[in-house]
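As structure tokens, the structure follows; a few thoughts come after it.
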Amino acid sequence: MKQVLVTGGCGFIGRYVVDELLAQNYQVRVLDSFVEQVHGGNVPTMPAEVEVLRGDVRDAALVKQALEGVEGVVHLAAEVGVGQSMYEIARYVGGNDLATAVLLENMIDSGVKRIVVASSMSVYGEGLYLSEDGTRQASIRRRPAAIKAGQWNPTDPNGGALRPVATDEQKPVDLASIYALTKYAQEKEVLIFGEAYNVDAVALRLFNVFGPGQALSNPYTGVLANFASRLANGQAPMIFEDGEQQRDFVHVRDIARAFRLALEQRPAAGHVINIGSGNAYPIKRVATLLAAAMGVPEIEPEIMNKARSGDIRNCFADISKARELLGFEPQYRLEDSLEELADWVREAGAVVDRGSEMRRQLEERGLVS
């Protein structure tokens, strides 16, 4: 495989994927629409050897052009944000599911041999739990009345306590947001297409991605970027619920390597695969660690004691399948990478914090309780 198309290749993850592919001597073409919310009106500088086409994946003629001579596709282009998806529904369904359909239609008879699509851990809803007797509880959902009463932790069907454990790909999906619905539809579209047209297809379920270069002024991007933009403006990170909810944070360089491996490793074809660090971090602890790395340890997180519609309590990755099928092993731990992130935030200079605007938009629509 020599030439690869990366949709959304000028975005945060896309730029790292492009660099990873170039380092392994791939020829790379990028298709990107440069969404204002992500890029802030700035067109990132790409390596000279990368061909960049500007436009939307829903533009069939442009997609057809982008696919000429291509053997592999990394499909990253998507609208991203659980909260925003709950009120900009048409935007998310169009930008994620319709765009993927247009891409796949134009891949018929195109010569593409493999496609890797970015899915999301959000498709799981709540992560995997064990009950007090050790029984696997894979279909847990919190009750709205309990959340409203500040009972953040889910319980088993009998009201018993649950212990969160690493989520594997065998856990059934539970789509708790429009964003999750669109990501699941994307991965199913790609896998169904691959089987029908004898194209190797892989879906990577990404956990919380972080690293230098994330869009700091986009309040619907990763939680670490949100925290960093608040801290850079002398504001406390806003944390919904009580801050003890757990997530898995995986470095963008590890993500980029996973996409390259998914293009190369034949046993991965036809599979959905978790890509995370395999570690669980309470959100409040993450905010505190980042504040220390940015030199503002006196700024304490603002604990909202409110929940956003579509949010889940705990989800972190079991990456056994990624190790087996891709030979993937995370190389960057969150604890060891926050200084690098802090340095990049300082170099980025003035950052517009839109966290309060995001909160207002959600509250006006009754999506915070």
Subject >> For region 180-231, size of Cβ-based charge dipole, Lys and Arg +1, Asp and Glu -1, in debye >> reply: 320 debye
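Give me the Kirkwood hydrodynamic radius of region 184-341 in Å, from all C-alpha pairs, to one decimal place?
On the way: mean 1/r = 0.0592 Å⁻¹.
It works out to 16.9 Å.
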Original post:
Based on the Kirkwood radius over alpha-carbon pairs, what is the Stokes-Einstein translational diffusion coefficient of the chain at 20 °C with 1.002 mPa s viscosity, in µm²/s?
Top reply: 102 µm²/s
**OP:** Report the relative contact order of the chain, percent, no decimals, based on alpha-carbon pairs under 8 angstrom and at least 6 residues apart.
**Re:** 18 percent
Subject >> Potential extension, Asn233-Leu98 segment - 0.36 nm per residue separation minus Cα distance >> reply: 44.9 nm
Original post:
Relative to the longest principal axis of the chain, what angle (0 to 90°, nearest 10) does the C-alpha long axis of helix 283-293 take?
Top reply: 80 degrees
**OP:** Name the aspartates and glutamates eligible as straight-distance cross-link partners of Lys2: C-alpha to C-alpha under 12 Å, and not fewer than 8 places from it in the same chain.
**Re:** Glu71, Glu264
Subject >> Alpha-carbon gyration tensor eigenvalues x 5, square-rooted, for region 126-208, Å >> reply: 31, 15, 9
Original post:
Does anyone have the angle between helix 334-348 and the longest principal axis of the chain? Alpha-carbon axes, 0 to 90°, nearest 10?
Top reply: 70 degrees
Subject >> Length gained when the stretch Arg141-Gln27 is fully extended (0.36 nm per residue, less Cα-Cα span) >> reply: 36.6 nm
**OP:** Using Cα positions and a limit of under 19 Å, work out the lysines in reach of Lys306, with same-chain residues fewer than 8 apart set aside.
**Re:** Lys148, Lys284
Subject >> All Cα pairs of region 65-165, percent lying beyond 19 Å >> reply: 61 percent
Original post:
What does a probe at Lys113 reach in region 193-218, counting residues whose amide N is under 16 Å from the point 7 Å along Cα→Cβ?
Top reply: 198-202
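Can you check what the net charge comes to around Thr135, using other residues whose Cβ is under 12 Å from the Cβ of Thr135 (Lys, Arg +1; Asp, Glu -1)?
Details: positive: Arg136, Arg163; negative: Glu132, Asp133, Asp156.
In short, -1.
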Original post:
P(r) tail for region 299-346, what percent of Cα pairs lie past 13 Å?
Top reply: 77 percent
Original post:
Label Asp156 and Glu339 with points 7 Å out from Cα along Cα→Cβ: what is the distance between them in nm?
Top reply: 4.5 nm
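May I ask what percent, to the nearest 5, of DSSP beta bridges between residues of the chain are antiparallel? Please report the intermediate quantities before stating the final value.
Working: 8 of 44 bridges.
Around 20 percent antiparallel, to the nearest 5.
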Subject >> Extended-chain gain in nm, criterion 0.36 nm per residue less alpha-carbon gap, Asn305 and Asp59 >> reply: 84.2 nm
Subject >> Pair-distance profile P(r), taking every C-alpha pair of region 266-335, with 10 angstrom steps and integer % >> reply: 16, 33, 29, 17, 5
**OP:** For region 233-312, just list the percent of Cα-Cα distances falling in each 10 Å bin from zero outward, please.
**Re:** 16, 34, 28, 17, 6
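Grab the beta carbon distance between Arg163 and Asn198, set R0 = 51 Å, and tell me the FRET efficiency rounded to 0.05. Please report the intermediate quantities before stating the final value.
Values: r = 43 Å, r/R0 = 0.85.
That pair, Arg163 with Asn198, gives E of 0.75.
Taking only DSSP H segments of four or more residues, each worth -39500 (n - 2.57), what value at 222 nm results for the chain once the sum is divided by all its residues, to the nearest 500 deg cm²/dmol? Provide the component values of the computation, followed by the final result.
Values: 14 runs with 131 residues, N = 369.
Helix-only estimate at 222 nm: -10000 deg cm²/dmol.
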**OP:** With springs only between Cα atoms under 10 Å apart, run a GNM on the chain and tell me which of Ser320, Ser131, Ser229 wobbles the most.
**Re:** Ser131
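Each reported figure results from applying straightforward, stated rules to the coordinates on display, with no laboratory input. What you see is a predicted model; the values in this text were computed from it and never measured. Cβ sites come from the backbone with ideal geometry, for glycine too, and all protein chains shown count toward neighbours.
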